[in-house]
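The values are calculated or read from the model by the stated rules, or taken from the named source; none is laboratory data. This is a predicted model, so every value here is computed, not measured. Backbone-built Cβ (ideal geometry, glycine too); neighbour counts: all protein chains shown. Areas reflect the complete protein model, heavy atoms only, side chains present, ligands, DNA and RNA absent. Shrake-Rupley method; radii C 1.70, N 1.55, O 1.52, S 1.80 Å.
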Amino acid sequence: MKDKILTIGNKLIILSTFLFAISIPTSIALDGVSAGIGLLGLMIVLLVKDFKNLPSMKPIILLLIPEILSSLVSFPKEILKTDFNHKLTPYFVVYKTLKQDRSSLEKLIFVLSISSFILSLSVIFQAFTWQDVKHIDIHSLSFHLTPMRANGLLDNPLTTAGVIFLLFFLFLGYFLQNKNYYYLFISCSLIVALILTESRSYWLGSFFSFLLLSILLFKRYWKFLITFWGIVVISATVLFQIPNLKDRLYSITNTRTNWSNVDRLMLWKSHIKAFIYDYSPLEKLIGAGYKASDYAWKRFPESYKEVVKTESSKNLKIHFHGGLTHNIYLKFLTKYGILGLIGYLSFWLLIFKENLRILRTNPQLLPIISFLISCYFGFLVAGFFENNFTDSEIKYTVMFILGLNFFIVNHKVSLLDK
């Protein structure tokens, strides 16, 4: 009887893993279904006391303990709105699926590549037809030479860009590890889609990822890097001749007339002022929870005046954006305090540490591990301008990739090993 129950649990975990591979690039609703099935499978295997084939809890503990402590002390009713929720599920189900059947990795990556390509096509289609891919009007369908900012199958360009950014580095690393040109094709479609989202934080993240990647791969893959940088420079030069993409690129450093940038400066300043002057010692340690935006709002008029150099606008709330920090580090600091920020940074430091250890001891994994390290680095750079880690679609993607990553790290296997 126990074996039958365990088999059911494991099958649900496998089903969840492959559903995530389909849904992460294509469907927010199906992500929730995948998580529900995965959680049910995990509960079943844990109830029958099967604790084998699970990933390390250490990175998750480093991330969650400060947040849970903060929630229990200051806002216990909101504990499930921390990172202690179903969005962690891919990390566990992906790792357990691969641990039970290493040969399923190739199938999993292939399924993910198909759904990723569909996401890329949806972004490209929307950019050049100016139509929402979820509500296509065939009768008015036309194509335009000037692309619009697109989000494809997901909710908005920023989250779409985050998902695409993470998948791009996964597939490009997979290509270099295994020399399978199909995944190079998938990577190319993803980078075009990433540009068409017009998400400047991920353009910057990509640039810094490429720089780090060049350092990590230079000794063994310098020929690849020369070709890679040549393609990047030529492609970027061509694409950024398109006026709106060119303007978007130049706007990155515009902190005077680009209101997206100006609003970020005002938000950062108001949150920092509130943290320094308005938080109690306890709130500085464990955060203000959902009061953080209220504190920031009190400081927003003076921050507006300091940044814009004029008196506060009558429509001040338009610039406040609900108090979102648009900076993941400020979000953890203000919501979960100094301990929360330390927990978030420790989570990533452990991930970098484990991957760098494998680079030193297992040079055969250099391509895929280098791409993953560079991906995480660029993601952290993008986090200075977005609350990226806590967006649902992006969080699912991060946890899915971490499940793959820790399986490779812990078992020191080439992605072609069966």
Only residues that are part of a helix (DSSP H, G or I) and touching a Gly at 6+ places or on another chain (Cβ under 7 Å): list them for segment 116-169, please.
Leu119, Ser122, Val123, Gln126, Thr160, Phe165
Name the residues in segment 242-266 that are polar (S, T, N, Q) and either open to solvent by less than 70 Å² (accessible area, probe 1.4 Å) or under 22 Å from Glu311 (Cα atoms) (or both), would you?
Asn244, Ser251, Asn254, Thr255, Thr257, Asn258, Ser260, Asn261
Candidate set from segment 318-327 (those that are open to solvent by less than 70 Å² (accessible area, probe 1.4 Å) and part of a helix (DSSP H, G or I)); member that is nearest to Ala274 (Cα to Cα)
Gly323
Where in segment 1-115 are there helices (runs of 4 or more DSSP H), lying fully within it, with 1 or more residues that are under 30 Å from Gly340 (Cβ atoms) and open to solvent by 80 Å² or more (accessible area, probe 1.4 Å)?
28-47, 58-74
Residue check, Leu330 in contact with a helix residue (DSSP H, G or I) (Cβ under 9 Å, 6 or more places away or on another chain) and open to solvent by less than 50 Å² (accessible area, probe 1.4 Å)
yes
Sole residue being at pLDDT below 95, of a type in the set (Val, Ile, Thr), assigned by the TED database to the domain that holds Leu176 and over 26 Å from Lys52 (Cβ atoms), chosen from Thr390, Thr397, Thr361:
Thr390
If a residue must be in a helix (DSSP H, G or I) and in contact (Cβ under 8 Å) with a residue 60 or more places away in the chain, how many such residues does segment 226-247 contain?
3
Among the residues of segment 298-330, the number that are polar (S, T, N, Q) and within 27 Å of Phe377 (Cα to Cα) is 2
If you go through segment 267-317 one residue at a time, how many are surrounded by fewer than 17 Cβ atoms within 10 Å (Cβ to Cβ), modelled with pLDDT of 90 or more and of a type in the set (Ser, Thr, Tyr)?
2
